[in-house]
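**Student:** Before I ask anything, let me first share the structure, which is written out below as C-alpha cells.
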Amino acid sequence: MNVRILPLARNDLSQGYWFYEERAERLGEYFLSSLESEIDELAYQAGIHTKILGFYFVKHSARFPYSIYYFISAETVMVDAVIDQRRDPEWISERLN
C-alpha cells in the first residue's frame, strides 16, 4: 500500500522536530527519523490499529508521546495528523474534526 503524508501532518512533524531540536541538538532529527520510520511501516500495517471517530486509525509512536492518525482511501494510507498526546484532548478532537 502507498503512504501519503498530507500537508497538515507534515506541519505537525515540523513542529515536533523544532520542539525537540530546541531541547537538545539532533534530538529533532531523531524524532523526525523515528516518526517517519513508523509512518513508513503503515505500508504493511495499515488497518490493524484502533479505529476512532469512525474514520481514523491511530498508531501510537514507540519512542515519543505522539500518535499518527490516518485513514485508507483507494489503496493509499493518508496520514492526516501526527499529534503530541500531551495536548488537551478537546484540542485533539477539534484538530481531527
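Throughout, read-outs are computed from the coordinates displayed, never taken from laboratory work. Just so it is clear, the model here is predicted, and its values are computed rather than measured. Here the Cβ is made from the backbone with ideal geometry for all residues, glycine too, and neighbour counts use every protein chain on show.
**Student:** Return the pairs, sorted by first residue and then second, in which the second residue is in a loop (DSSP other than H, G, I, E, B), the first residue lies in the range 52-63 and is surrounded by 12 or more Cβ atoms within 10 Å (Cβ to Cβ), the beta carbons are less than 6 Å apart, and the residues are 6+ apart or on different chains.
**Tutor:** These pairs meet every condition: Phe57/His49; Val58/His49; Lys59/His49.
**Student:** With out of contact with any Lys or Arg (no Cβ under 9 Å at 6 or more places or on another chain), part of a loop (DSSP other than H, G, I, E, B) and hydrophobic (A, V, I, L, M, F, W, C) as the only criterion, which of Ala62, Ala43 stands out? Talk me through it step by step, then tell me what you get.
**Tutor:** Values: Ala43 fails: part of a loop (DSSP other than H, G, I, E, B).
Checking each option against the conditions leaves just Ala62.
**Student:** Counting just the residues of the range 61-71 that are touching a helix residue (DSSP H, G or I) at 6+ places or on another chain (Cβ under 9 Å) and not charged (D, E, K, R), which one comes out farthest from Arg10 (Cα to Cα)?
**Tutor:** If we take residues in the range 61-71 being touching a helix residue (DSSP H, G or I) at 6+ places or on another chain (Cβ under 9 Å) and not charged (D, E, K, R), then Ala62 is farthest from Arg10 (Cα to Cα).
**Student:** Residues that are touching a helix residue (DSSP H, G or I) at 6+ places or on another chain (Cβ under 9 Å), surrounded by 16 or more Cβ atoms within 10 Å (Cβ to Cβ) and either free of Cβ contacts under 8 Å to residues at least 24 places away in the same chain or in a helix (DSSP H, G or I) (or both): does the range 76-97 have at least one?
**Tutor:** Within the range 76-97 (the criterion being touching a helix residue (DSSP H, G or I) at 6+ places or on another chain (Cβ under 9 Å), surrounded by 16 or more Cβ atoms within 10 Å (Cβ to Cβ) and either free of Cβ contacts under 8 Å to residues at least 24 places away in the same chain or in a helix (DSSP H, G or I) (or both)), the answer is no, since none of the residues qualifies.
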